[in-house]
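One structure is given below, encoded as structure tokens.
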Amino acid sequence: MFSLTDRFLRVGCYLLIVIAGCTSPVAAEQKRDNPPAFSYLLHCSGCHIEDGSGDPPEVPDLRKNLDKLLRSETGRGYMLRVPGVTDTPVTSREMAELMNWLIAEFYPGLQDFRPFSAEEVVSGRATRLANPLEVRQSLLGATID
Ligand code: HEC
């Protein structure tokens, strides 16, 4: 016969398996097949949220302004000089792939997008912005949306 404790243990184990099967590790597991998406989840979504919506006015919505920023070399450069991009511990190639994935994911209809190269990431990292918000303001105006 099983004791009451055994029963509790069995139910507990069962619940753990169900919970483990239903929560975010599954989403993370699926994204492992897609390295840039996984990298975004790991390194960016903590601030920018999984769907890119961010937390305006503190953290910009990545679905809104990157197309405008891409229209100028300064804007394009700014995107690679923000601390979130310069300081994330992935290789320059991985960061270029992450940024290219991000544009494809959040701006699917964007025409004439020239993919970021690892070399551009290297030079962005070498000129990390100490005052990203000032540069952002000069490119996009005062409000973060
Ligand atoms: C600690 C929070 C944080 C993390 C983590 C973070 N970011 Fe950011 N990101 C910000 C903030 C805040 C800004 C606004 C500029 C600034 O102050 O750096 C920003 C700006 C940006 C911008 C410019 C967009 C705009 O509208 O100004 C891009 C592109 C960007 N982040 C991409 C990323 C990517 C890609 C990652 C992951 C590799 C990442 N960020 C990680 C907080 C974060």
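Throughout, read-outs are computed from the coordinates displayed, never taken from laboratory work. Quick caveat: nothing in here was measured; it's all calculated off a predicted structure. Methodologically, a virtual Cβ is constructed for each residue, glycine included, from the backbone with ideal geometry; neighbour enumeration extends over all protein chains shown.
Here is how the numbers come out for the structure above:
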| read-out | value |
| --- | --- |
| Distance in nm between pseudo-label sites at residue 145 and residue 112 (7 Å out along the Cβ direction from Cα) | 2.4 |
| Where a label projected 7 Å from the Cα of residue 51 along Cα→Cβ would reach, residues of region 100-126 with amide N under 16 Å | 105-108 |
| Residue-span extension gain [residue 42 to residue 119] - 0.36 nm each, minus C-alpha spacing | 25.4 nm |
| Mean Cα-pair separation over length for region 36-141, i.e. relative contact order, pairs under 8 Å, 6 or more apart, % | 29 |
| Net length gained if the chain between residue 105 and residue 73 were fully extended (0.36 nm per residue, minus Cα distance) | 9.4 nm |
| Protection proxy ranking, peptides 106-115, 34-43, 128-137, average beta carbon neighbours within 10 Å, highest first | 34-43, 128-137, 106-115 |
| Per-bin percent of Cα-Cα distances, region 36-141 [10 Å] | 15, 53, 32, 0 |
